[in-house]
Amino acid sequence: MIRFGPNLHADEAPFGEALGRRLAFGLPVSVGNDANLAALAEHSRGVGVGVRDLVYLHGDVGVGGGIIAGGHLLGGHDGYGGEIGHMVINPGGGQCACGSRGCLEAEVGERALLEAAGRSPEEGHQGRDAVRNVVDAADRGDIVAQEALRQVGDWLGLGVANLVNLFNPEMVIFGGMLREVYLGSAAQVRSRLAVSALAPQREKLRLRTSALADDATLVGAAELAFAHVLADPLEVLARAGG
Ligand SMILES: [Zn+2]
């Protein structure tokens, strides 16, 4: 059930049910939050294998994530928890698609970076290539692009510092466009962490980029679909008439 999907323009949409009807396979359909699934995939098959406590951050138009604590994804009471992108880091900051202001998404998402770099989406500057463009321009010495990355990196570092203080993860993983942003602003992220994250939580923290890249969400979705088969193969076999 998509209760509230501001970037998908979908509210109160019974997505799993509709997908099951459309596929018409007569099989159960499982649905999950894309960034949550990517977190599970990085945990079971990516850079986070063997890491019991990690935070995965995924950026594109929106920013999402997943928190894995003690080997389990934190979902909250109804499964809608872990909305890292809507953690408010700058109360007077940019307008967020969710209706609030200064959410992590509004300060470090694709639009925030492109606007800070003076590239308006209306002129065709959007998507992963546009983000890479800003990082490349900063590498070549473009001062406006460097300043945009510095600003976005600082907000990203602040968001990560809050997460690190709260959850004491062993690893934080950057995926989607945040992979590019992190690689272009690692020094800024680390210097913000040095100020705002508590030393015991910070000292052994590893910052990494996604190993599964754009496959992470699909790998996580496959894991979700197979989870009940692996949990009880005989029951699934019996249901299939085998
Ligand atoms: Zn928001």
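The values are calculated or read from the model by the stated rules, or taken from the named source; none is laboratory data. All values reported here derive from a predicted model rather than from experimental measurement. So basically every Cβ, Gly included, is an ideal-geometry build from the backbone, and we count neighbours across all protein chains shown. Note: areas computed on protein heavy atoms with side chains; ligands, DNA, RNA excluded. Shrake-Rupley method; radii C 1.70, N 1.55, O 1.52, S 1.80 Å.
Worth a mention:
- The number of residues in the range 1-23 being within 16 Å of the ligand (Cβ to nearest atom) and not in a strand (DSSP E or B) comes to 4.
- Pairs where the first residue, in the range 25-47, is farther than 15 Å from Ile84 by Cβ and the second is of a type in the set (S, T, N, Q) and at pLDDT below 95, C-beta under 8 Å, 6+ apart: Ala41/Thr217
- Number of the condition not met by Ala106 [criteria: (1) at pLDDT below 95; (2) touching a helix residue (DSSP H, G or I) at 6+ places or on another chain (Cβ under 8 Å); (3) within 15 Å of Trp155 (Cβ to Cβ)]: (1)
- Cβ pairs under 7 Å, 6+ apart, first in the range 94-110 and closer than 14 Å to Pro6 by Cα, second small (Gly, Ala, Ser) and near the ligand (Cβ under 8 Å from one of its atoms): Gln95/Ala106; Cys96/Ala106; Cys103/Gly85; Glu105/Gly85
- Top-ranked residue in the range 177-194 [being open to solvent by 50 Å² or more (accessible area, probe 1.4 Å) and touching a residue at least 24 places away in the same chain (Cβ under 8 Å); ranked as nearest to Ala138 (Cα to Cα)]: Leu183
- Of residues in the range 86-110 being near the ligand (Cβ under 9 Å from one of its atoms), aliphatic (A, V, I, L, M) and not in a strand (DSSP E or B), the one surrounded by the most Cβ atoms within 10 Å (Cβ to Cβ): Leu104
- Number of residues in the range 152-166 that are open to solvent by 10 Å² or more (accessible area, probe 1.4 Å) and closer than 16 Å to Arg179 by Cα: the value is 2.
- The range 11-24 residues that are in contact (Cβ under 8 Å) with a residue 60 or more places away in the chain, paired with ones that are charged (D, E, K, R) and open to solvent by less than 80 Å² (accessible area, probe 1.4 Å) (beta carbon under 6 Å, 6 or more apart): none
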